[in-house]
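Report on the structure given below.
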Amino acid sequence: MVQRRGEGRTAAGDPLTPPVLPPWRLSDWSWSFEGRSVYRAAEAEWTETGSGITHRVRVGSGTPLKKLRHAYPTEAEALRAAEAVLSGAARAAMTLEARLAGFEPGLLGGASVTVTGLRPELNGEWHLESVSHQLDPGGLVTSFRGRKGTA
């Protein structure tokens, strides 16, 4: 199965509804801000083959702006590259690692989860990079690592 990162869809293309985790479901959690620039816009160039004219495409709005270094052969490729850079910058902004008080079978790597009741910047939807379901002496336990953008 090939799909864009963070789309939250099944193999059949159906949307996955992210589970909602209130604070009482988390037994242990930590978060970090990675300090990378969170771009609000991205710009890429593409060059017409016949005329040699260079055009620019821009995705998003505001600053900071990420300008891609390389020129692309078509407008579609330049647009796709700019969207990928903007999407990646948004996902890389914050990381949340959590261990749940119990088992949550609805958490899947590549899907999303909605966290509520924590700090305002931590509430909302997170893209799950990894999910672990383990059998501990107390029963089944789920832990995950997720990323969230601020854009």
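Just so you know, all these numbers are worked out from the coordinates, no wet-lab data involved. What you are looking at is a predicted structure, and each value in this text was computed from that prediction instead of being measured. Note that each Cβ is placed from the backbone with ideal geometry, even for glycine, and that neighbours are counted across all protein chains shown.
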Exercise. Residue 56 versus residue 99, label points 7 Å from Cα toward the beta carbon: distance in nm?
Worked result: 5.0 nm
Exercise. Around residue 101, which amide H atoms from residues at least 5 apart in sequence, or from another chain, sit under 5 Å from its own amide H, with H modelled in the peptide plane?
Worked result: 26, 27
For this session: Report, as a whole number in µm² per second, the diffusion coefficient that Stokes-Einstein gives for the range 67-151 at 10 °C and 1.306 mPa s using the Kirkwood radius over alpha carbon pairs.
Result: 107 µm²/s
Problem set entry | Residues whose placed amide H lies under 5 Å from that of residue 21, excluding near-sequence neighbours | 114, 115, 116
